[in-house]
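As structure tokens, the structure follows; a few thoughts come after it.
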Amino acid sequence: MESLREIYRIGNGPSSSHTMGPKKAAELFLSENGEADRFVVTLYGSLAATGKGHMTDVAIKDVLEKKAPVEIIWKPKEFHPFHPNCMKFESFRGDAKLADRLIFSVGGGKIVGENDSIETKNVYDMSTIADIQKWCIDNGTNYWEYVELCEGKDIWDYLEEVWGVMKEAIQRGLEAEGALPGGLGVRRKAADYYIKAKSFIGSMKSRGLLYSYALATSEENASGGIIVTAPTCGSCGVIPSVLYYLMTTRSFSNNRILRALATAGLFGNVVKTNASISGAEVGCQGEVGVACAMASAAACQLFGGTPSQIEYAAEMGLEHHLGLTCDPVCGLVQIPCIERNAYAAARAVDSNIFATFSDGTHSVSFDRVVEVMKQTGHDLPSLYKETSEGGLAKI
């Protein structure tokens, strides 16, 4: 498995696969074709179907137009067998084609070439939770210690930066008001939820605060603000809201929050390696579902859960999102994406509570749910995988 740096990417929303990935692809192609005097970029499948709502063309042009004019061609009905988020970059000088390249945005801001020509560096020697959990139990350690062993101590500096960006996104989102861009007229709600939550006590206050933090981050993402993929832009509100809520209400130390982030990242990394975190490939179960699993694991660790209880919490977080479709209205990461982040944050807290009451013993393993999620995603029609052609997107 790769570094957690590939799960937690800092950048602008609204979509890791449709905005961050294409921007990175454009930067890569430009670095190889600096002599071109024009570019043609063809977007296929999901990238073409919802690219305008996700600002795919804007991200590409922001990079390439600094060098030369860019023509964008949209082909939403053509899907490449390798991955539905496909881009073809072509460079020209006059009428002569200099180069072309297929690049795929596979989720979480990561890009790969047609023949996996962009090398990846694996830093983990185990890639299933079952193996990692056994190692933790045998060595009397926790998941975050395995992360440190594989990544090195400098991973904490990176996670410190990640946590800082997450907190800043929440704080900005709680102050912002007005309608989100895109034409749907979706009004920012985080500030209202935060103010209302403060007027309650007990569980109503707790749940309202949790919702407000998730809404704040997701609304920042929808407006193109700087966020952290966790594991994607579309699901970026779940983990920050859970950790921010627990930090502010339970006074957990900064170091414990970073360790929880490491554990969350490890679970997300396993899903990314063995299935997918791309909504265009497996639906929203791979985005919000995985984010919920990650946040569930993080919360359970903070409350002193054993490796078995932590695995159980994560398993529930993902299992109960199986089959969740990715059907954004108008291709925007707003409806139903923003509300899903808030609900998933609450579900993560509930998964922690449920797992904490148990001894960690359960019938279906996290790894098995990952397998089922992958198969379920492949069985879903393309209508429900980030094409905005079915489900809620047809309202």
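The values are calculated or read from the model by the stated rules, or taken from the named source; none is laboratory data. Computed from a predicted structure; not experimentally measured. Neighbour counts are summed over all protein chains in view; Cβ atoms, including those assigned to glycine, are modelled from backbone coordinates with ideal geometry. Keep in mind that these areas ignore ligands, DNA and RNA; they rest on the heavy atoms of the full protein, side chains included. Shrake-Rupley method; radii C 1.70, N 1.55, O 1.52, S 1.80 Å.
So the values come out like this:
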{"item": "Potential lengthening between Lys153 and Val58 on full extension [0.36 nm per residue; Cα-Cα distance subtracted]", "result": "30.5 nm"}
{"item": "Relative contact order %, the chain, counting alpha carbon pairs below 8 Å whose residues are six or more apart", "result": "19 percent"}
{"item": "Lysines with Cα under 18 Å of Lys272, excluding same-chain neighbours fewer than 8 positions away", "result": "Lys110, Lys121, Lys374, Lys385"}
{"item": "Mean separation of Cα contacts under 8 Å (6+ apart) over length of region 226-368, as relative contact order %", "result": "29 percent"}
{"item": "Prolate/oblate/rounded call for the chain, Cα gyration tensor, a/c under 1.5 rounded", "result": "prolate"}
{"item": "Surface accessible to a 1.4 Å probe, per residue, for the residues of the chain, Å²", "result": "39 Å²"}
{"item": "Reach of Lys97 by Cα under 26 Å, taken over lysines that are not fewer than 8 positions away in the same chain", "result": "Lys23, Lys24, Lys61, Lys66, Lys67, Lys75, Lys77, Lys88"}
{"item": "Computed E for Asp95/Lys394 - FRET, C-beta separation, R0 51 angstrom, nearest 0.05", "result": "0.75"}
{"item": "Accessible area of Ile201 in the full protein assembly, 1.4 Å probe (Å², nearest 10)", "result": "140 Å²"}
{"item": "Value of relative contact order over region 170-306, rounded to a whole percent, pairs C-alpha under 8 Å and six or more apart", "result": "20 percent"}
{"item": "Equivalent ellipsoid semi-axes - Cα gyration tensor, region 1-115, angstrom", "result": "22, 16, 14"}
{"item": "The chain - Cys residues lacking any other Cys C-beta under 4.7 Å", "result": "Cys86, Cys136, Cys150, Cys233, Cys236, Cys292, Cys300, Cys330, Cys337"}
{"item": "The chain - percent of accessible surface contributed by carbon and sulfur, probe 1.4 Å", "result": "51 percent"}
{"item": "Whole-Å distance, taken between Cα centres, linking region 233-263 and region 331-381", "result": "17 Å"}
{"item": "Distance in nm between pseudo-label sites at Asn122 and Asp37 (7 Å out along the Cβ direction from Cα)", "result": "4.7 nm"}
{"item": "Rg/Rh for region 169-220, where both radii come from Cα atoms and Rh is the Kirkwood radius", "result": "1.02"}
{"item": "Ellipticity estimate at 222 nm from DSSP helix runs (n ≥ 4, -39,500 (n - 2.57)) divided over the chain, nearest 500", "result": "-16000 deg cm²/dmol"}
{"item": "Neighbourhood charge, 14 Å Cβ-Cβ cut-off, centred on Leu380 and excluding it, Lys, Arg +1 and Asp, Glu -1", "result": "-4"}
{"item": "Using θ = phi - 60° and Karplus 6.51 cos²θ - 1.76 cosθ + 1.60, couplings along region 33-45 (whole Hz; Gly, Pro as x)", "result": "9, x, 8, 5, 10, 6, 10, 10, 10, 9, 9, 10, x"}
